[in-house]
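Q: Input: one structure, supplied below.
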Amino acid sequence: MGLVPNPDGSVSSPVSTARTPGAAPSGISRPGQPGTAGSSGAPGSSGTPDSPGAPKAVDKETTAGILFGIGAYGLWGLLPLYFFVLQPAGAVEIVANRVVWSLIFCALLITVTRAWRVLGAALRNRSVLGTLALAAGLIAVNWLTYTYGVTTGQAVETSLGYFINPLVSVLLGVFVLKETLRPLQWAAVGIGFIAVGVLTVSYGKLPWIALTLAVSFGLYGFVKKRVGPRADAITSLTVESIVLTPLAAATMIFLAASGTATLTTHGPVHFWLLLASGVITAVPLVFFGASARRLPMTTIGLLQYFAPVLQFIVALVVFGEAMTLERWIGFGVVWLALLVLTVDMLAATRKSAAAKRLARREARADT
């Protein structure tokens, strides 16, 4: 119940191991290639759960999935360092470059994977195109807010946004998808509201950066759920980049004409670092797709906390941002809410697994 979008906008579920449409992008799989998030193996894995070679194959795939997941969330968690070295480029220029160069890099990936037919089908489908256009607007707001927060010395608050994102996603599940929450989930949401109140007092204002990030990602996840399996991760990113590129390119031209662009005025290193934004945007997404194909959503839901934890550490250790006692208390309450949500998720997973084992035993008994 509820969706947890990841920093790239792909979607995981914090409270269920069931694969929801669009919950785990299949990366750069070709049409027809298996790519289900909750599967025990991946394309090319040998054996079945009942075959002698299966345990070793499953273990190998699980290990690979965890490594890919750590790689994806680790890169997202270290993203503030990338924005830091791009100074003096501002948030608007960084996001504009990120959109344009992401489109070019995605075009290369689609060429390598021969997925142009998949992209063409997505562009011809009005439902998919319209939904991804809305998703593009939401992710643009998210990227701008996140980049603005990091580049203006508010990286701690940006990490807070991704910490409270699962709580916002649970609320969307209740009010939009009409899902029913379990008692521990309601407790987590209640604790989350208390945390926002404590942090509002500590900041002296509503933590609008964190709330904008959490709400925009939550809505982005809901919109991507509507697309479902009709567009994989790279196809989705490509379509979203196509939608945003005209505005992004116009922004780059305006900045250059007004003399405020830094792309070509701060040396070759800065130039290539900005161009690398396409790779830096797409590579973690590909890693996430590879991880999601190999791991159940429970594991993905736990791995997602790598990103905000790393962002939080970078903000304190590298950027030297201050944390008052009141903010520590506020973050502590947020972490308590996440702990409650995680305990509920693990309990629900064990209950679901036990029910499946019982069903299999009954099915065998009937035969």
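Q: Going by the conditions given, is Leu144 at pLDDT 95 or above, within 17 Å of the chain's Cα centre (by Cα) and either open to solvent by 20 Å² or more (accessible area, probe 1.4 Å) or at positive phi (or both)? Write out each step before concluding.
A: Details: at pLDDT 95 or above: yes; within 17 Å of the chain's Cα centre (by Cα): yes; either open to solvent by 20 Å² or more (accessible area, probe 1.4 Å) or at positive phi (or both): yes.
Judged against the criteria, Leu144 is a match.
Q: Name the pairs: first residue in the range 306-334 and of a type in the set (Asp, Glu), second residue outside any loop (DSSP other than H, G, I, E, B) and open to solvent by 30 Å² or more (accessible area, probe 1.4 Å), Cβ to Cβ under 8 Å, at least 6 apart or on different chains?
A: Listed by first residue and then by second, the contacts come to Glu326/Val198; Glu326/Val201.
Q: Any residue at all in the range 287-294 that is assigned to a helix (DSSP H, G or I), under 22 Å from the mean Cα position of the chain (by Cα) and closer than 21 Å to Ile94 by Cβ? Explain how you work it out, then say what you get.
A: Within the range 287-294, the first condition is being assigned to a helix (DSSP H, G or I), and the residues that meet it are 287-294.
From what is left, the residues that are under 22 Å from the mean Cα position of the chain (by Cα) are 287-294.
Narrowing further to those that are closer than 21 Å to Ile94 by Cβ: none.
No, the range 287-294 contains no residue that is assigned to a helix (DSSP H, G or I), under 22 Å from the mean Cα position of the chain (by Cα) and closer than 21 Å to Ile94 by Cβ.
Q: Filter the range 217-235 down to the residues that are assigned to a helix (DSSP H, G or I), open to solvent by 10 Å² or more (accessible area, probe 1.4 Å) and not aliphatic (A, V, I, L, M) and list them by number.
A: Answer for the range 217-235, where residues must be assigned to a helix (DSSP H, G or I), open to solvent by 10 Å² or more (accessible area, probe 1.4 Å) and not aliphatic (A, V, I, L, M): Phe222, Lys224, Lys225, Arg226, Pro229, Arg230.
Q: Scan the range 159-176 and tell me whether some residue there is within 30 Å of Gly120 (Cβ to Cβ) and either open to solvent by 30 Å² or more (accessible area, probe 1.4 Å) or in contact with a Cys (Cβ under 8 Å, 6 or more places away or on another chain) (or both). It would help to see each step written out before you state the result.
A: Applying the first criterion (within 30 Å of Gly120 (Cβ to Cβ)) to the range 159-176 yields none.
For the range 159-176, residues within 30 Å of Gly120 (Cβ to Cβ) and either open to solvent by 30 Å² or more (accessible area, probe 1.4 Å) or in contact with a Cys (Cβ under 8 Å, 6 or more places away or on another chain) (or both): absent.
Q: Within the bounds of the range 299-308, is there any residue that is assigned to a helix (DSSP H, G or I), open to solvent by 60 Å² or more (accessible area, probe 1.4 Å) and not hydroxyl-bearing (Ser, Thr, Tyr)? Spell out how you get there, then give the answer.
A: First pass over the range 299-308, keeping only residues assigned to a helix (DSSP H, G or I): 299-303, 306-308.
Still in the list and also open to solvent by 60 Å² or more (accessible area, probe 1.4 Å): 302, 306.
Next, only the ones that are not hydroxyl-bearing (Ser, Thr, Tyr) stay: 302, 306.
Within the range 299-308, one or more residues are assigned to a helix (DSSP H, G or I), open to solvent by 60 Å² or more (accessible area, probe 1.4 Å) and not hydroxyl-bearing (Ser, Thr, Tyr).
Q: Can you find, within the range 58-77, the residue that is farthest from His270 (Cα to Cα) among those that are aliphatic (A, V, I, L, M) and under 14 Å from the mean Cα position of the chain (by Cα)? Spell out the reasoning first.
A: Our first condition is that a residue be aliphatic (A, V, I, L, M); within the range 58-77, this holds for 58, 64, 66-67, 70, 72, 75.
If we keep only those that are under 14 Å from the mean Cα position of the chain (by Cα) as well, we get 70, 72, 75.
On the way: Ile70: 28, Ala72: 24, Leu75: 20 Å.
Across the range 58-77, the extreme among qualifying residues is Ile70.
Q: Could you list, in sequence order, all residues of the range 197-222 that are out of contact with any Asp or Glu (no Cβ under 6 Å at 6 or more places or on another chain), under 12 Å from Asn142 (Cβ atoms) and of a type in the set (Val, Ile, Thr)?
A: Thr212, Val215
The values are calculated or read from the model by the stated rules, or taken from the named source; none is laboratory data. Note that the structure is predicted; figures quoted are calculated from it, not measured. Positions of Cβ are backbone-derived with ideal geometry, glycine not excepted, and every protein chain shown enters the neighbour counts. The protein model used for the area step is the full one, side chains on, heavy atoms only, and it has no ligands, DNA or RNA in it. Shrake-Rupley method; radii C 1.70, N 1.55, O 1.52, S 1.80 Å.
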